[in-house]
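Novice: Here it is, the structure, as structure tokens.
The values are calculated or read from the model by the stated rules, or taken from the named source; none is laboratory data. Quick caveat: nothing in here was measured; it's all calculated off a predicted structure. Glycine also receives a Cβ, built like all others from the backbone with ideal geometry; neighbour counts cover every protein chain displayed. Quick note on the areas: whole protein, heavy atoms, side chains included, nothing else; ligands and nucleic acids left out. Shrake-Rupley method; radii C 1.70, N 1.55, O 1.52, S 1.80 Å.
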Amino acid sequence: MYEDILVPTDGSDGASRALDEAVDLAAAFDATVHSLYVVDVSAVGPETGAVDLVESFEQMGEDTTDAAVTRARDAGVDAVGSVATGRPHRSILDYVEENDIDLVVMGTHGRTGLERYLLGSVTEKVVRTAEVPVLTVRAGEDETEE
Ligand code: ATP
Ligand code: MN
């Protein structure tokens, strides 16, 4: 049913929990997990030092996706990692198209979101516009539910 599952990651706890879900699903369906980190160009201005900043985001992307691939492979699941540059939701949707992704699994929240929002802005845009199913995973079991 699912062959290629995309887990976009920003290195947050939410993305990490999403990875756990994706690895379990991939094991059940014998699917491949794709870990994608997007260097958010809109967060990096044109000022001096921007090149260094982009490089350090790229490095963080490599480290984060490498760790995700290792976690998936340790669970016996095929996995590939990749780092893109752009606006996160746009790059995620492009990746879905280009790699025949059939399920996206992502956190309800990421690194910067405030708890009062139902969904982070990247997840909200992907949920609204993706042509494949999107599974959202809430981080932090210690948050009180109402
Ligand atoms: P904000 O809207 O302020 O960014 P947030 O950081 O809490 O709030 P999102 O950015 O939407 O919320 O993060 C939710 C999920 O989206 C993350 O758990 C991750 O799966 C994915 N995500 C967010 N940013 C990126 C990124 N740069 N690259 C890849 N995936 C991302
Ligand atoms: Mn975010």
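Novice: Just checking, how many residues over region 87-125 are within 22 Å of Ala67 (Cβ to Cβ) and within 14 Å of ligand 2 (Cβ to nearest atom)?
Specialist: The number of residues fulfilling the criteria is 14.
Novice: Within region 43-68, which residues are of a type in the set (A, V, I, L, M) and either out of contact with any Phe, Trp or Tyr (no Cβ under 8 Å at 6 or more places or on another chain) or without any contact (Cβ under 8 Å) to a residue 24 or more places away in the chain (or both)?
Specialist: If the condition is that a residue be of a type in the set (A, V, I, L, M) and either out of contact with any Phe, Trp or Tyr (no Cβ under 8 Å at 6 or more places or on another chain) or without any contact (Cβ under 8 Å) to a residue 24 or more places away in the chain (or both), then Ala43, Val44, Ala50, Val51, Leu53, Val54, Ala67, Ala68 are the ones that fit.
Novice: Sticking with this structure for a sec: Could you tell me which of the residues Asp66, Asp24, Asp20, Asp52 is surrounded by fewer than 16 Cβ atoms within 10 Å (Cβ to Cβ), at pLDDT below 95 and acidic (Asp, Glu)?
Specialist: None of the others qualify; the one that does is Asp52.
Rundown of residues vs (1) open to solvent by 20 Å² or more (accessible area, probe 1.4 Å); (2) in contact with a strand residue (DSSP E or B) (Cβ under 7 Å, 6 or more places away or on another chain), yes/no style:
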residue: Asp78; (1), (2): yes, yes
residue: Glu97; (1), (2): yes, no
residue: Gly110; (1), (2): yes, no
residue: Leu118; (1), (2): yes, no
residue: Thr123; (1), (2): no, yes
residue: Thr129; (1), (2): yes, no
residue: Leu135; (1), (2): yes, yes
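Novice: Can you pull out the residues in region 27-49 that are modelled with pLDDT of 90 or more and charged (D, E, K, R)?
Specialist: The answer is Asp30, Asp40.
Novice: A further question follows. Anything in region 68-86 that is within 14 Å of ligand 1 (Cβ to nearest atom) and within 13 Å of the chain's Cα centre (by Cα)? List them, or say none.
Specialist: Once the filter is applied, which keeps residues that are within 14 Å of ligand 1 (Cβ to nearest atom) and within 13 Å of the chain's Cα centre (by Cα), region 68-86 yields Ala68, Gly81, Ser82, Val83, Ala84.
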